[in-house]
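Colleague: Here's a structure for you.
We did not get these values from a lab; they are worked out from the coordinates using the rules stated. What you see is a predicted model; the values in this text were computed from it and never measured. Neighbour counts are summed over all protein chains in view; Cβ atoms, including those assigned to glycine, are modelled from backbone coordinates with ideal geometry.
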Protein chains: 2
Amino acid sequence: MRLDILKQYQAQTKCLVALDSIIFGFDGDELKLLLVKRGIEEEDHTWSLMGGWVQPDESLEGASTRILYELTNLTDIYLEQLHTFGNPRRDPVERTVSVAYFALINVEDYDHRISKNFETHWFSLDELPKMLFDHDAMVKMAIDHLRYKASQHPIGFELLPEKFTIPQLQKLYEAIFGTELDKRNFSRKLLSTNLLIKLDEKQKGYSKKGAFFYKIDEEKYRKQFNNFLNFLPGSAS
Amino acid sequence: MRLDILKQYQAQTKCLVALDSIIFGFDGDELKLLLVKRGIEEEDHTWSLMGGWVQPDESLEGASTRILYELTNLTDIYLEQLHTFGNPRRDPVERTVSVAYFALINVEDYDHRISKNFETHWFSLDELPKMLFDHDAMVKMAIDHLRYKASQHPIGFELLPEKFTIPQLQKLYEAIFGTELDKRNFSRKLLSTNLLIKLDEKQKGYSKKGAFFYKIDEEKYRKQFNNFLNFLPGSAS
DNA sequence: ACAAAAGTGTTCCAGTTACACCCATGT
DNA sequence: ACATGGGTGTAACTGGAACACTTTTGT
């Protein structure tokens, strides 16, 4: 290698590189955000996004799945890189560049297997606590991104259990967009994608009649994932 | 500050943080990408994206505008953070996390003020040379993003001179999407945005009749920037 | 006069919206 | 029997797609 190249590299100041995950869940009624209180931050009572350091021999994707696994014991989570935050003073301790990842998980899968290394809580989006550093900006960007993406792709499935009903799905979309949707138009639109497979089973307990469960046609969903546009149907009267 | 926090920070391995810009331009006919040969890389004849190191007290946005200014002497360039690339072996010299920025510039503005510190060349998208590191992946992602974004927002204006004609604009969109568009539908769609202001002046030389120049209504454009969906009209017969 | 590009209008179709009633079941 | 949420059909409208001729002017 040429010496001048090496010198040029060595002259640069290095930076801490961290990763934070904005984790969304849906409890059947409201959109929620999963925040943690890590041991080291307990004293100032600040909630924060789940995060960690990117390890020396680890890719960013690798770090994001590792960190989510450490928290939830879940693999196969929907994860997408959102944005990198690098303001020189965002972390008062020392300059840290943080790559934010956007995660959608199913609250039901999560609940039973919760890790005990962290104190965690699902917060409603309109009751978010004060958060560490610039985590509020990360969350804001993630919410915008979720809305944008959900209007284009049927990404909502990632937030639901394997079996779900059309009314559940509608509630989810209503929670994401903060609007009411017309159930006739909504179900027509959803069913017209041919991505839903109707099951024989009905949901019990929630309503008297009971709603049929559906599951997603995984194969079609993966195939068509990048072809959706303008997914969201119109609003209710 | 608590000692354990400080220790935890000090235990982490730091990383070089760089920034690369994917710079698009439009010459009236084809979409182009601006690549550079920097002094230090000359010997292996490899073209690369314009890039640089993020400085110790500089934000990512700051670094991106600085680096673009160093190359072009232009300010007020359309810049958007695209993605962060952090594969541990992407840079064989030493691990470097690179934040990629997406830039749209007007080739006319650029040409006269070109900096002489770099050997640069505008490449057509279908004649791209071998590039440094993972710059080809960055470019691929940027092209996808440009298409996606241009289908949703009238972002194309950023690539054109202040005064432009509707046929020029159409050629630009055709270049971005690699399709032909119907000029009747195209101009109707564009004019229906009410974002174009017709000027008295006509373009000379290119056609016998001459096409009217338009300029963009900056104020409306900024205001509506985040409200566009499904911008691209259908293709020609 | 003719060539070359600019400019413009209409019809058709598909997808979205708005809207109201019957169904199944648990109590 | 009645209350609660589940499930469906239709008419009107809007926006996109397809399509061809006239206009201007430099040569």
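Colleague: Between copies, how far apart are the B:THR75 label points? List them in nm, one decimal, shortest first, with each point 7 Å from Cα toward Cβ, please?
Modeller: Those label-point separations list as 5.2 nm.
Colleague: Given +1 on the Cβ of Lys and Arg, -1 on the Cβ of Asp and Glu, and no further charges, what dipole in debye does the protein assembly as shown carry about its Cα centre, rounded to the nearest 20?
Modeller: 1560
Colleague: What number comes out for the charge environment of B:SER124, summing +1 per Lys or Arg and -1 per Asp or Glu over other residues with Cβ under 11 Å away?
Modeller: Working: positive: B:LYS32; negative: B:ASP27, B:ASP29, B:GLU30, B:ASP126, B:GLU127.
With Lys, Arg at +1 and Asp, Glu at -1, the neighbours total -4.
Colleague: Give, rounded to the nearest 20 debye, the magnitude of the charge dipole that region A:9-151 has about its Cα centre when Lys and Arg contribute +1 at Cβ and Asp and Glu contribute -1 at Cβ.
Modeller: 480
Colleague: Quick check on the protein assembly as shown: take the gyration tensor over C-alpha atoms, sort the square-rooted eigenvalues as a ≥ b ≥ c, and tell me if it's rounded (a/c under 1.5), prolate or oblate. Before the final figure, lay out each step's value.
Modeller: Details: a/c = 2.14, a/b = 1.15, b/c = 1.86.
Because a/c hits 1.5 or more and a/b fails to exceed b/c, the protein assembly as shown counts as oblate.
Colleague: Could you work out the local net charge near B:GLN10, counting Lys and Arg as +1, Asp and Glu as -1, over the other residues with Cβ closer than 12 Å to its Cβ?
Modeller: Values: positive: B:LYS7, B:LYS14; negative: A:GLU94, B:ASP4.
Value of the local net charge: 0.
Colleague: Another question about this same structure. To the nearest 10 degrees, how steep is helix A:166-177 against the longest Cα principal axis of chain A, on a 0 to 90 scale?
Modeller: The two axes meet at around 40 degrees.
Colleague: Could you tell me the convex hull volume per residue, in Å³, taken over the Cα atoms of region A:9-151?
Modeller: For region A:9-151, the hull spanned by Cα atoms encloses 126 Å³ per residue.
Colleague: Charges on Cβ only, +1 for Lys and Arg, -1 for Asp and Glu, centred on the Cα centroid of region B:9-151; of B:LEU146, B:SER98, B:GLN10, which one is farthest towards the dipole's positive end?
Modeller: B:GLN10
Colleague: Additional query: Please find the FRET efficiency linking B:GLU219 to B:SER192, where r is the Cβ-Cβ separation and R0 is fixed at 25 Å, and quote it to the nearest 0.05. Spell out each step's value before the answer.
Modeller: Working: r = 18 Å, r/R0 = 0.72.
Once the sixth-power term is evaluated, E becomes 0.90.
Colleague: Right, next: State the Cα centre-to-centre distance between region B:164-182 and region A:67-111 in whole Å.
Modeller: First find each Cα centre; the distance between them is then 40 Å.
Colleague: Compute for region A:106-225: radius of gyration divided by Kirkwood radius, i.e. Rg/Rh, restricted to C-alpha atoms, rounded to two decimals.
Modeller: Ratio value, two decimals: 1.00.
Colleague: Checking the a/c ratio against 1.5 first, then a/b against b/c, what shape does the Cα gyration tensor give for region B:157-227?
Modeller: oblate
Colleague: Between helix A:135-152 and chain A, what is the angle of the helix's C-alpha long axis to the longest principal axis, kept within 0 to 90° and rounded to the nearest 10?
Modeller: 40
Colleague: Moving on. With axes computed from alpha carbons, what is the tilt in degrees of helix B:183-192 against the longest principal axis of chain B, rounded to the nearest 10 within 0 to 90?
Modeller: Tilt relative to chain B: about 70 degrees.
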